[in-house]
Amino acid sequence: MDDKRYWIGLNLVRGIGAARMRALLRHFGEARLAWEASPAALREAGLGPTLIERLLDVRQRVDLDRLWEHILDLGIDVLTWEDKAYPSRLREIEQPPPVLYVRGTLTEEDRWAVAVVGTRRVTSYGRQVAEEVASFLAQNGVTVVSGLARGVDAVAHQAALKAGGRTLAVLGCGVDRVYPPEHRSLAERIIAQGALLSDYAPGTPPEGSNFPPRNRIISGLTMGVVVVEAGESSGALITAEFAAEQGREVFAVPGNIFAPQSKGTNRLIQQGAHPLLHPGEILEILDLGRIRHQRAARKVLPADAIEVQLLDALGAEPVHVDEIRRQTGLPIEKVTATLVMMELKGLVRHVGGMHYVAVREVQSDYS
């Protein structure tokens, strides 16, 4: 695996995002060679003079070994596109961040996630709705994602934690710098029952320009976004816009037509968002009712040698059951029956036409 230090180094260069990172990896084959490349080689890779100058400046100023040790000392995990632990839903979006900094723990169950976002100037009505929605989702095994901001975001995180669920907070600064500062205690609780995430390097301050881009990560991590309250220029509307572009479902809570905090949500409904009248509608529209069945099946039916055989034959690319049978040598009846049970357990996913993909690695005594 490519050394993550070089991914971090390139990530520090303003202007090298997902598209340019892909171009560099295509040209050089690995991040280290891109980081160490000469100006001439960088020009051949398609970088312009300004970007080359920035990269050379970062390369001169930053000691990657010292930075890496600092990140480890802070207890921060670093995920790149090369990591299997990189969130699978986020990987699907058009421009997934090349580097994610994580404090806490990400789990496979976080695939079943819904964002709850809204205005910082939350009303008592918005607070009540945000608490009910986030609590309901957490109680039903759905991870609640938000941005740790004042108002709706904080209410959603707190309600998910109180319900004993998981919650993820995506920051517009480094994960070592909690913003707003009064949410430090909340952030520590989130780390214990979820994670703080950012694509900004540790030490990055919470500048205003950082927050709109991070909203694509909030929506990208989820199956859908719930906007509780939002004014006409609320950042929550940016999250909803990203969600629609990414093919996620958008839910908006109807509100008083005279209330400024409801102008954005009412407009979303007018534009085609699902009007959310009860939290249960989220599970229904996103087909999340199966979570309980999958978790129960995992407890009752742990992986055995046959399941491991089938998983060995599967990966991220769809494989037809006939090919799985050929690779494993198992009877087709055994293959199809086991795949049905494995799908219940959330280990594989049927993607149509009798094709399956693996959705998570399984460790077992048989492997």
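In the stretch 8-35, what residues are within 18 Å of residue 53 (Cα to Cα) and of a type in the set (Phe, Trp, Tyr)? Can you show your working first?
The initial filter retains those residues of the stretch 8-35 that are within 18 Å of residue 53 (Cα to Cα), namely 8-17, 20-21, 23-24, 31-35.
Residue satisfying the conditions is 35 alone.
Give the residue, chosen from 66, 54, 59, that is assigned by TED's automatic domain parsing to the domain that holds residue 37, out of contact with any Gly (no Cβ under 9 Å at 6 or more places or on another chain) and within 23 Å of residue 173 (Cα to Cα).
Only one candidate qualifies: 66.
State all residues of the stretch 16-34 that are within 22 Å of the chain's Cα centre (by Cα) and loosely packed, with under 15 Cβ neighbours inside 10 Å; if no residue qualifies, say none. Can you show your working first?
Of the residues in the stretch 16-34, the ones within 22 Å of the chain's Cα centre (by Cα) are 16-22.
Scanning the stretch 16-34 gives 19, 22.
Among the residues of the stretch 98-108, which ones are farther than 20 Å from residue 187 by Cβ and modelled with pLDDT of 95 or more?
First pass over the stretch 98-108, keeping only residues farther than 20 Å from residue 187 by Cβ: 98-99, 108.
Residues satisfying the conditions are 98, 99.
Which is part of a loop (DSSP other than H, G, I, E, B), out of contact with any His (no Cβ under 9 Å at 6 or more places or on another chain) and either of a type in the set (S, T, N, Q) or surrounded by fewer than 22 Cβ atoms within 10 Å (Cβ to Cβ) (or both), of 257, 191?
On the way: 191 fails: part of a loop (DSSP other than H, G, I, E, B).
Checking each option against the conditions leaves just 257.
Among the residues of the stretch 28-51, which ones are over 27 Å from residue 216 (Cα atoms) and in a helix (DSSP H, G or I)?
28, 32, 33, 36, 39, 40, 41, 42, 43, 44, 49
In the list 225, 250, which residue meets the criterion of being in the same structural domain as residue 195 (by TED's automatic domain parsing) and either closer than 16 Å to residue 148 by Cα or of a type in the set (Phe, Trp, Tyr) (or both)?
Checking each option against the conditions leaves just 225.
The conditions are (1) farther than 30 Å from residue 15 by Cα; (2) modelled with pLDDT under 95; (3) crowded, with 19+ Cβ neighbours inside 10 Å; (4) not hydrophobic (A, V, I, L, M, F, W, C), and residue 141 fails exactly one of them. Which is it?
The single condition residue 141 does not satisfy is (3).
Go through the stretch 151-188 and report how many residues are part of a helix (DSSP H, G or I) and not aliphatic (A, V, I, L, M).
Just the residues of the stretch 151-188 that are part of a helix (DSSP H, G or I), to begin with: 152-162, 181-188.
Applying the additional criterion that residues be not aliphatic (A, V, I, L, M) yields 153, 157-158, 162, 181-185, 188.
Residues in the stretch 151-188 being part of a helix (DSSP H, G or I) and not aliphatic (A, V, I, L, M): 10 in total.
Hey, any hits in the stretch 302-312 for a residue that's hydrophobic (A, V, I, L, M, F, W, C), at pLDDT below 85 and assigned to a loop (DSSP other than H, G, I, E, B)?
yes
Tally the residues that are of a type in the set (Val, Ile, Thr) and surrounded by fewer than 23 Cβ atoms within 10 Å (Cβ to Cβ), restricting the search to the stretch 231-249.
Looking only at the stretch 231-249, we keep the residues that are of a type in the set (Val, Ile, Thr), and these are 238-239.
Next cut, surrounded by fewer than 23 Cβ atoms within 10 Å (Cβ to Cβ) only: 238.
Of the residues in that region, 1 qualify.
If I go through the stretch 194-221 residue by residue, how many of them are assigned to a loop (DSSP other than H, G, I, E, B) and farther than 15 Å from residue 97 by Cβ? Lay out the reasoning, then the answer.
Keep residues of the stretch 194-221 that are assigned to a loop (DSSP other than H, G, I, E, B), which gives 199-207, 221.
Keeping just the survivors that are farther than 15 Å from residue 97 by Cβ gives 203, 205-207.
Adding up the residues that qualify gives 4.
Counting only residues that are crowded, with 19+ Cβ neighbours inside 10 Å and in a helix (DSSP H, G or I), how many does the stretch 65-79 have?
Final tally of qualifying residues: 1.
Taking the conditions exactly as written (surrounded by 19 or more Cβ atoms within 10 Å (Cβ to Cβ), in contact (Cβ under 8 Å) with a residue 60 or more places away in the chain, under 29 Å from residue 209 (Cβ atoms) and in the same structural domain as residue 201 (by TED's automatic domain parsing)), does residue 147 satisfy them or not?
Values: surrounded by 19 or more Cβ atoms within 10 Å (Cβ to Cβ): yes; in contact (Cβ under 8 Å) with a residue 60 or more places away in the chain: yes; under 29 Å from residue 209 (Cβ atoms): yes; in the same structural domain as residue 201 (by TED's automatic domain parsing): yes.
Here the answer is yes, as residue 147 does meet what is asked.
The values are calculated or read from the model by the stated rules, or taken from the named source; none is laboratory data. From a predicted model like this one, the values you see are computed outputs, not experimental measurements. Heads up, the Cβs are rebuilt from the backbone with ideal geometry, glycines too, and the neighbour counts pull from every protein chain shown.
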